[in-house]
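The values are calculated or read from the model by the stated rules, or taken from the named source; none is laboratory data. Since the structure is predicted, the reported quantities are computational estimates derived from the model, not experimental observations. Cβ coordinates were reconstructed from backbone atoms using ideal geometry, including for glycine residues, and neighbour counts include every protein chain displayed. Just the protein is used for accessible areas: all its heavy atoms, side chains included, with ligands, DNA and RNA removed. Shrake-Rupley method; radii C 1.70, N 1.55, O 1.52, S 1.80 Å.
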Amino acid sequence: MSSMTGIILADHQYPMLKELTQYRCISALPIGAKYRIVDFILSNMVNSGISNVSIITQHNPHSLIKHVKSGNDWNLNKKNANFHILTPDIGTTGPKHYKGSADALFQNLESIKKSDHEHILICEGNAIYKMQYQDMLKYHIEKNADITVAYKEMNTCPSHQLSHLGVIETQSDRRVLDYQQKPFKPKTSNATIGIYIINKTLLTQFLEESAETESHDLIKDIIIKKVNYLNIYGYQFKEYWQCLNSVDTYYKCNMDFLNPHIQHELFMQNGWVYTRKTDEPPAQYHKGAKIYNSLIGNGSIIKGTVENSIIFGRVIVEKGAVIKNSIVIHDSVISQDTIISNAILDNEVTLSKGRYIRGEINLPILIGSKVSA
């Protein structure tokens, strides 16, 4: 089985994530007490034998760059690996901002052309899942496909959520007949999940054509327009997948990490999930602390009660404080007798003694970073 060059598009912007992406790009968003979203996609690539990897990013890239650095924690800095973080060029006239996903790829076309691999794997950097990409490549080759698009049947997903995704219609052999991007009325529940395989020569041709016509979106301006002319196939993915495009989906995905079945699928199958190593000591649990069905990050100090919650590193939960069904990101302080329920606290939040913060299970409260209240 031949290998691929992997590209992660880490520049999506979702207004519905609100303050969560005010100072970081979505791929750097903390998840599951110790990870970032990008960890899962990078780990999928490494576990699939892909060592030629580029991350394309633009908006608020600093947190992402600091996290992945040279790719050392994913074994991407070894001699036969090739790892890059690609941002817009800064010339004499200023940065050439990416105008869309196709433009981002086009501005880095020389890097793509230098690849030794025949196939290019393109992954959007906004979802949590575990996949062996080599299985998708095998399918792509067997179908003699020009482009393969991964999708997931989401029969229980409400139409208003499907309308924020791509949706494909396929014939019996899974050849794509129609592709709708964020449709108001989805024709099917086959939602695309932001993973594509395409031949390098074909991708080069399409990117050069799109640049000439000033069309800048990979999906809308290239793939959808080619549905009737190319062999485009859908690859069905049946495992856990969650796109993080809103506060609600971010909250849901973190809560999913507390589900033993999903934990097993994400962490016990198809290789490790790698992340940046830190020097924090293990979490401390003081006498009287109560922990129920929660994940606690290293360096945290727990003196109160934590139930069904995700607590990231270096969080202090004082005596008498109660946290339920909530997410507390790094370096926050929850003071004595404070009660938090159905909430998301971004990093460096300090809540004073006796505060009461309560959201709803389907409408969590979000408190932005560096807030003292």
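Restricting attention to the stretch 322-352 and to residues that are within 13 Å of G304 (Cα to Cα) and assigned to a loop (DSSP other than H, G, I, E, B), the residue that is least open to solvent (accessible area, probe 1.4 Å) turns out to be T338.
Pairs linking a residue in the stretch 68-82 that is farther than 19 Å from I37 by Cβ to a residue that is part of a helix (DSSP H, G or I) and open to solvent by 30 Å² or more (accessible area, probe 1.4 Å), with Cβ atoms under 7 Å and 6 or more positions apart or on different chains, are N75/V46.
Might you let me know whether the stretch 272-290 holds any residue that is in a strand (DSSP E or B) and either among the small types (G, A, S) or open to solvent by less than 30 Å² (accessible area, probe 1.4 Å) (or both)? Spell out the reasoning first.
Residues of the stretch 272-290 that are in a strand (DSSP E or B), as a first pass: 284-285, 290.
Pick out the ones that are also either among the small types (G, A, S) or open to solvent by less than 30 Å² (accessible area, probe 1.4 Å) (or both) and you get none.
So far as the stretch 272-290 goes, no, none of its residues is in a strand (DSSP E or B) and either among the small types (G, A, S) or open to solvent by less than 30 Å² (accessible area, probe 1.4 Å) (or both).
L64 meets all of the listed conditions (1) hydrophobic (A, V, I, L, M, F, W, C); (2) in a helix (DSSP H, G or I); (3) in contact (Cβ under 8 Å) with a residue 60 or more places away in the chain; (4) open to solvent by less than 10 Å² (accessible area, probe 1.4 Å) but one, namely (3).
Determine if the stretch 308-321 includes at least one residue that is open to solvent by less than 60 Å² (accessible area, probe 1.4 Å), within 26 Å of D135 (Cα to Cα) and not in a helix (DSSP H, G or I). Steps first, answer last, please.
Keep residues of the stretch 308-321 that are open to solvent by less than 60 Å² (accessible area, probe 1.4 Å), which gives 308-313, 315-318, 320-321.
With within 26 Å of D135 (Cα to Cα) added as a condition, the list becomes none.
For the stretch 308-321, residues open to solvent by less than 60 Å² (accessible area, probe 1.4 Å), within 26 Å of D135 (Cα to Cα) and not in a helix (DSSP H, G or I): absent.
There is no residue in the stretch 354-367 that is outside any loop (DSSP other than H, G, I, E, B) and surrounded by 22 or more Cβ atoms within 10 Å (Cβ to Cβ). When residues in the stretch 134-156 are screened for being surrounded by 15 or more Cβ atoms within 10 Å (Cβ to Cβ), of a type outside the set (G, A, S) and part of a loop (DSSP other than H, G, I, E, B), 3 of them pass.
Restricting attention to the stretch 23-51, the residues being touching a Gly at 6+ places or on another chain (Cβ under 8 Å), under 26 Å from N108 (Cα atoms) and open to solvent by 20 Å² or more (accessible area, probe 1.4 Å) number 2. The stretch 165-249 holds strands (runs of 3 or more DSSP E) entirely within its bounds, and those carrying 3 or more residues that are more than 22 Å from the chain's Cα centre (by Cα) map to 176-181. Applying the set (1) under 19 Å from the mean Cα position of the chain (by Cα); (2) within 17 Å of Q236 (Cα to Cα); (3) surrounded by 19 or more Cβ atoms within 10 Å (Cβ to Cβ) to G125 leaves exactly one unmet item: (2). Filtered by the rule that a residue be under 24 Å from S369 (Cβ atoms), hydroxyl-bearing (S, T, Y) and part of a strand (DSSP E or B), the stretch 1-57 gives a lone residue, Y35.
Taking residues in the stretch 278-300 that are among the β-branched types (V, I, T), and partners anywhere that are in a loop (DSSP other than H, G, I, E, B) and at pLDDT 95 or above, the pairs with Cβ atoms closer than 6 Å and at least 6 places apart or on different chains are I296/A283.
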